Amino acid sequence: MIQYIIRRLLAAIPTLLVISFVIFALLDLAPGDPTGSLPMTVPPEVREKIRLSLGLGEAMHIRYYKWVVQFFINEPLNILQHSFGITIGDAENRTRILSWATRSPVIDLIVERTPQTLWVVGLSFLFGILMAIPIGIVQAYRQYSLFDQIGTFVAMVGFSVPTFFTGVVAIILFSVQLKWFPMIYDTTLEITSWNNFVLQVKQMIMPVTVLAFYQAAQLSRFMRASILDNLNLDYVRTARSKGRSENAVLIIHVLRNSLIPVVTLIALGIPTIFGGAIITEQIFRVNGLGQLLIIAIEGADIPTVQTLTFLFAILIVLFNLIADVLYGMLDPRIRYD
Amino acid sequence: MKKTLLLSIALSSAVALAGTAWAAEQGRDGELRLLYWQAPSTMMPYLSGGTKELEASSIVIEPLARYDPDGKMHAWLAEEIPTVANGGISEDLKSITWKLRRGIKWSDGSELTSADAVFTYEYCSHPDTGCTSSNYFNDIVSVDAVDSHTIRINFTVAKPFPYAPFVGYNAPIIQAAQFDGCIGAKAQECTEQNFYPIGTGPFKVVDFKPNDVIVFEANELYREEGQPAFQSVLFKGGGDATSAARAVLETGEMHFAWNLQVEPEILTKMTEAGKGTIIAGFGTAVERLMVNFTDPGEVGDPDRSEYLGGNNNRNPHPFLSEYAVRRALSLAIDRQILVDAGYGFAGKISCNVLPAPAIYASDANDECKTQNVDEANRLLDEAGWARGSDGVRAKDGVRLSILYQTSTNSVRQGTQAFIKEMWKAIGVETELRNLSASVFFGGDPASPDTYQKFYTDIEMYTNTFSGTDPETYMANWTCKQVSRKANTWGGGNMPRWCDPNYDALSAEMATTANLDDRIRLAKAMNDMLMQDYAMIPLIHRGGVSAFSNAVEGPRGNEWDSELWNIAEWHLK
């Protein structure tokens, strides 16, 4: 198993290098200009100077090389230095990946935004799973019951109504009419007291619910289908005829087998948490990673887009591996050695 | 008896004094909550140039003079506005001398001196800084500190309007001590300094989260007694304009929301909740149609939209080079519909490309205020453009078929659709096209879709100028400014319209100091452009903001920061 993981990790390195180059080349070829969002009153010669100051005067392969050095060498060294106090090489003159919009290190921006994204998107993912699994089980076990019918209906609504609609409806209902929750997420809030904790919960309820609803709708359908596939199999009949209780049959035998496809979905869903929820973040002004990405794309802030997309690529490769490893744990028939 | 009376008078006046002192204490009103749906990415105005960053930084760092909502200049860090009359501007118009107000302190306690201004000039004019306001420091020989509080700016040429450097929110003064090591290429790496600039303004930055939120606190060293009234400012960014309006007008969570480009009927409905007020400020922004005087040709043509010179322009547009067609296109438009449908509070009909300041606004072109389809049709008939079987006019095999481009934006697409219908009524066929703003305005010389290349017949966008002096703005339409291959499409003259008489007026304005003469020249230039239909003005656009009824002070300002007077804002 360990050998398999190491082999996969080594194979991932060339894959990721190719991905990073493809992303870089695509962004370089795409139209768009970091000075494009400036007011028209800024004359063209000033724009040209700004472009040069951002390093756009250099050839593409040199800019790519610089980015690779910054990403794979300078940034890890910087993390070492700040987290563990280990200084290697010339820390003073080490250049970092700078965002063109903020002129600040991209990694710092990402670190700054990760908490609110994890809080909101991560929690909604967690709640989505926690809701979807039991709902899916009961729906499958009591197929065509009233609970199943209602569950299917709600899931279809959750599936087909986009979050930019449910989000705005929630705001109008709970912020404008009932005045229960704030419509603007306050990222400066620090949980230092019980009072602030309550405020934090209050401001998270709407975005988390909207997203969790969407997640649960999708997952519960998969859970239901997967359980239904297993319920009619021979081993279930065997277990029942052995005289095991219905609970044991369902939880110990059926659930474990049904979870295999669902676990893949969940594992592959985790990188998307870090991608943030672009639309929901925008509606509630959570300003997490999703909003960072979309603003960077709009403003042609290439270093930020490049770094973020590449981090997503790393996460996707990594969680693919994790999903494969989890298979082996859930299904003893799968062996990697 | 007398003694006690005196004493009691003294006592009561002391109480009264204490009372007023208490009422006017700094920071008495708690937190002010501002909402900018476009979030500022830095606090350094010289590295951003975007309006959102300029607005945010304007409450910390200040210029020598600011503009009020009417476009009038007020001395800010300076004692007074220098003029030729008070000796602040030299007779030959080649130098201006500003005097700093005494006793102004930076928020770190050090004194503001003329050295800071000199440094600011050096910072922004350094070629490697990438300063977005470097055009505010054009034609300068030197900026000298005459003494600790006197700054003299020497120009290479006579400057009839020398108020660009250090005036308005584009060119404020930064602290020399703080930015000393941040000049040139280093400017990009000074994250700490760029996020937390030390200023002289009413607030100082406490927490800056790029593209998200800024927390400011009152600057206890601020020069005005009892100001600012608010203890802190929460400057939240992100989201969209509609929900920003909702947060002020419906839920009352925020005190002020900026730049509300929202459909007018939605805004009106929101104000019915009675929580807030809408203000519109009008500057010089005009949404206009640019008319291409050159032939945009087809893909592959060597001289697409290229001005080839010669008295009659050797590459004329097949039909837009004809005066009657241009005039008919303008007459066919009902501008009031465009205002009502797309702009509401934020728009007024405009028949001038230079609609403000009021002293420069011409009234010679008011014909455009009313739609006149009959006259437009008559003009085209007279010029020999006959309707074909499909209703589209043609002459000598040339059809009046227009390709009309603009940036992607729901209001602009709405305007496009209306204009297409209006032109249909005069037998002109229109094909609409919209391009992502970052491409259209991006200026990439390799892209065929930029507004500078203008490979279509008509294009629409808004242009404006900063400050209140139109000289450079009006110089955009001189022959020299024609956007073409030779200047990598860098000129400001998109219509490729060229008239030596116009150039002469522009040259005359550059050497005229007398305000009345400048007004006459600016109006004449505007009228020439309008009466030859080089551009077809549509809408004078304003900035719309909303503020809570609990707050008093916001006035809207298109000439400077909307937060220019934030020190005076207070709760009712």
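Key figures for this structure:
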item: Hydrodynamic radius (Kirkwood) for region A:1-132, which is based on Cα pairs only, to one decimal in Å; result: 18.5
item: Range of Cα positions in region B:405-518 per principal axis (Å), largest first; result: 45, 35, 27
item: Helical mean residue ellipticity (222 nm; -39500 (n - 2.57) per DSSP H run of 4+; nearest 500) of chain B; result: -7000 deg cm²/dmol
item: Global size of chain B as Cα Rg and Dmax, reported in angstrom; result: 26.4, 107
item: Nearest-20 debye value, the protein assembly as shown charge dipole, Cβ charges on Lys, Arg, Asp, Glu; result: 2820
item: Most to least packed among B:193-204, A:151-162, A:217-228 [average Cβ atoms within 10 Å]; result: B:193-204, A:217-228, A:151-162
item: Region B:68-192 - Rg and Dmax from Cα coordinates, angstrom; result: 14.6, 44
item: Test item: A:101-114 mean partner chain Cβ contacts at 10 Å; result: 5
item: Whole-number accessible area per residue in Å² for region B:65-219, which is evaluated in the context of all protein chains at 1.4 Å; result: 36
item: Convex hull volume per residue for region A:161-219, taking Cα atoms only, in Å³; result: 88
item: Gained length - B:LYS369 relative to B:VAL206, 0.36 nm times residue gap less alpha-carbon distance; result: 53.7 nm
item: Peptide ranges B:404-415, A:70-81 listed from the most packed, as the mean C-beta count within 10 angstrom indicates; result: B:404-415, A:70-81
item: Surrounding net charge for A:VAL121, when Lys and Arg each add one and Asp and Glu each subtract one, Cβ distance under 13 Å; result: 0
item: Neighbour cut-off at most 15 other Cβ (10 Å), DSSP loop, trypsin sites (Lys or Arg not before Pro), region B:97-200; result: B:ARG102
item: Cα pair distances of region B:189-270 binned at 10 Å [whole percent]; result: 16, 36, 30, 17, 2
item: Extent along principal axes [Cα atoms of region B:278-390; Å; largest to smallest]; result: 49, 33, 27
item: Cα-based Rg / Dmax (Å) for region A:292-337; result: 16.8, 50
item: Computed over chain A, the ratio Rg/Rh where both radii use C-alpha atoms and Rh is Kirkwood; result: 1.04
item: Burial ranking of peptide ranges A:121-130, A:60-69 (average Cβ count within 10 Å, highest at the top); result: A:121-130, A:60-69
item: ³J(HN,Hα), Karplus 6.51/-1.76/1.60, whole Hz, each residue of region B:351-359, x for Gly, Pro; result: 10, 10, 8, 10, x, 7, x, 3, 5
item: Computed E for B:GLU31/B:ASP503 - FRET, C-beta separation, R0 56 angstrom, nearest 0.05; result: 0.55
item: Threshold 50 Å² - residues in region B:222-246 whose accessible area is reduced by that much or more when the chain is no longer isolated, probe 1.4 Å; result: B:LYS236, B:GLY239, B:ARG246
item: DSSP beta bridges in the protein assembly as shown [antiparallel fraction, %, rounded to 5]; result: 75
item: Helix A:75-84 axis, angle to chain A major axis (alpha carbon atoms, nearest 10°); result: 70
item: Diffusion constant of region A:78-215 at 37 °C, which comes from Stokes-Einstein with the Kirkwood Cα-pair radius and 0.692 mPa s, µm²/s; result: 176
item: Scattering profile of region B:65-116 at q = 0.20, 0.31 Å⁻¹ [log10 I(q)/I(0), Debye over alpha-carbon scatterers]; result: -0.81, -1.12
item: Normalised alpha carbon radius of gyration of region A:174-331 [divisor 2.2 N^0.38 Å]; result: 1.41
item: Full-stretch length increase - B:ALA24, B:LEU308 - with 0.36 nm per residue and alpha-carbon distance subtracted; result: 95.7 nm
item: Distance histogram in 5 Å bins (all Cα pairs of region A:72-145, percent per bin); result: 3, 12, 14, 13, 11, 9, 8, 7, 6, 6, 5, 4, 1, 1
item: Calculated diffusion of the protein assembly as shown, Stokes-Einstein form, Kirkwood radius summed over Cα pairs, 25 °C and 0.890 mPa s, µm²/s; result: 79
item: Cross-link partners of B:LYS485 among lysines (Cα-Cα below 21 Å; sequence separation of 8 or more within a chain); result: A:LYS49, B:LYS453
item: Residues whose placed amide H lies under 5 Å from that of B:GLY297, excluding near-sequence neighbours; result: B:SER305
item: Surface per residue (accessible, 1.4 Å probe) for region B:392-531, Å²; result: 38
item: Sorted largest first, extent of region B:242-310 alpha carbons per principal axis (Å); result: 61, 25, 19
item: Semi-axis lengths, Å, region B:452-572, gyration tensor of Cα atoms, sqrt of 5 times eigenvalues; result: 35, 19, 13
item: Solvent-accessible area, 1.4 Å probe, carbon plus sulfur percent, for region B:263-336; result: 49
item: Solvent-accessible area buried by pairing A with B, both sides, nearest 100 square angstrom, 1.4 angstrom probe; result: 4000
item: Tail weight of P(r) past 15 Å, computed on alpha-carbon pairs of region B:215-254, percent; result: 55
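The values are calculated or read from the model by the stated rules, or taken from the named source; none is laboratory data. Keep in mind that what you see is a predicted model, and the values were worked out from it rather than measured. Using ideal geometry, Cβ is built from the backbone for each residue, glycine included, and neighbour counts are taken over all protein chains shown. Surface areas here come from the heavy atoms of the whole protein model, side chains and all, with no ligands, DNA or RNA. Shrake-Rupley method; radii C 1.70, N 1.55, O 1.52, S 1.80 Å.
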